[in-house]
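Novice: I have a structure I would like to understand better, so I am pasting it below and will then ask my questions one at a time.
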Amino acid sequence: MRILGIETSCDETGIAIYDDGLGDSPEGILAHRLYSQIAVHADYGGVVPELASRDHVRKTIPLIKEVLADANLTPKDLDGVAYTAGPGLVGALLVGCSIGRSLAYGWELPAVPVHHMEGHLLAPMLEDDVPEFPFVALLVSGGHTMLVRVDAIGEYKLLGESVDDAAGEAFDKTAKLLGLDYPGGPALSKMAESGEAGRFKLPRPMTDRPGLDFSFSGLKTAAGTLVRKECLNLSDSDLKQTHADIANAFQQAVVDTLAIKCKRALQQEKLSRLVIAGGVSANTALREQLAITTKKLGGSVFYPRPEFCTDNGAMIAYAGLQRLKAGTDADLTFKANPRWAL
Ligand code: KG4
């Protein structure tokens, strides 16, 4: 089966075609294109929902034409159209839903609404080294931080989630305090490389009590307090170093917190395989720490390739195809669901 995947939940337009003829493997991705709106939102320091929707309107159809041409296919070669139906920005979601549903109707194909986070947690299935079920998944993006037990496609149990800011959101907000441009996560991570480890220590929130929930808003506030206290009247070079030291302390605090909760989740569920997905899973320090954590437990960790850590159409095509095989076909009135629970 071959399916077109459409992702428009936030600030990336991702389109892909996936074919399951070769089983779970990277070769199944016949074509994929990603257009990032970073330049559209950069001046505003964050995603402006109305601008995101308008840009998706401009880009979605041209990108669909391009992936069909890349894969040397026509709509007649497809078996379905999958689109992200939630969660996300409602206007942005509606663009993908309307285009996906309309094309499916016009092409007389089934339309498959996909949960954005299901797309993320199945993204490692697009790699050579595919994790076997069951596993624990850590989903860390700009909008979510959650630990999920995955027993099979569609069998998910939420183990814990952030009670306030998502980890990526905390990265982005702290990066802003350090004078870095949106999206700040990758820039903060780069800055942390030249920071002195151990000069500052920030809290590991909610690790001193049982449970698998997270809280990152206090950590961002603690980093802001450090910035205000330590960065007054410094020479340019001292300011640069102090910013890097705070970035290092912040990143280490997030990485340690996530690693402590992942270890707890694996032990609680008596599992040894960990899957990491979502934008923050591209973070090198996090990857290194989780490799150590899982190795100590006799397990291993699985990631999507960096380009599939962030939002993309391939993960939506893959998840949609699994849903299609299981018999999902939405009716014509299916709506975007910005707060869809996994
Ligand atoms: O999954 P994603 O592309 O979008 C959604 O939030 O849905 O994730 C984007 C988030 C942003 O907060 C971004 O700053 C963060 O992932 N991010 C990173 C890194 N790369 C992306 N955070 C820390 N280190 C990185 N290397």
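Novice: How many of the residues making up segment 185-240 are in a loop (DSSP other than H, G, I, E, B), away from the ligand (no atom under 16 Å from the Cβ), closer than 19 Å to Thr257 by Cα and free of Cβ contacts under 8 Å to residues at least 60 places away in the same chain?
Specialist: The total comes to 16.
Novice: Of all residues being of a type in the set (Gly, Ala, Ser) and within 23 Å of Leu139 (Cβ to Cβ) in segment 314-329, which is modelled with the lowest pLDDT? Just the residue, please.
Specialist: The extreme case among them is Ala326.
Novice: Does His41 count as under 20 Å from the mean Cα position of the chain (by Cα), assigned to a helix (DSSP H, G or I), modelled with pLDDT of 95 or more and within 15 Å of the ligand (Cβ to nearest atom)?
Specialist: Considered against the rule, which asks whether it is under 20 Å from the mean Cα position of the chain (by Cα), assigned to a helix (DSSP H, G or I), modelled with pLDDT of 95 or more and within 15 Å of the ligand (Cβ to nearest atom), His41 comes out as no.
Novice: Can you find, within segment 72-97, the residue that is surrounded by the fewest Cβ atoms within 10 Å (Cβ to Cβ) among those that are farther than 22 Å from Ser9 by Cβ and touching a helix residue (DSSP H, G or I) at 6+ places or on another chain (Cβ under 9 Å)?
Specialist: Filtering segment 72-97 for residues that are farther than 22 Å from Ser9 by Cβ and touching a helix residue (DSSP H, G or I) at 6+ places or on another chain (Cβ under 9 Å), the one surrounded by the fewest Cβ atoms within 10 Å (Cβ to Cβ) comes out as Lys76.
Novice: Go through segment 168-183 and give me each residue that's part of a loop (DSSP other than H, G, I, E, B) and on the phi < 0 side of the Ramachandran plot.
Specialist: If the condition is that a residue be part of a loop (DSSP other than H, G, I, E, B) and on the phi < 0 side of the Ramachandran plot, then Leu178, Leu180, Asp181, Tyr182, Pro183 are the ones that fit.
Novice: So if I check each of Gly327, Gly298, which one is away from the ligand (no atom under 16 Å from the Cβ), within 24 Å of Tyr18 (Cβ to Cβ) and not in a helix (DSSP H, G or I)?
Specialist: Of the residues listed, the single one that is away from the ligand (no atom under 16 Å from the Cβ), within 24 Å of Tyr18 (Cβ to Cβ) and not in a helix (DSSP H, G or I) is Gly327.
Novice: Spot the failing condition for Gln267; the list is (1) surrounded by 16 or more Cβ atoms within 10 Å (Cβ to Cβ); (2) out of contact with any Pro (no Cβ under 9 Å at 6 or more places or on another chain); (3) of a type in the set (S, T, N, Q), and only one is missed.
Specialist: (1)
The values are calculated or read from the model by the stated rules, or taken from the named source; none is laboratory data. All figures in this text were calculated on a predicted structure; none of them were measured in a lab. So basically every Cβ, Gly included, is an ideal-geometry build from the backbone, and we count neighbours across all protein chains shown.
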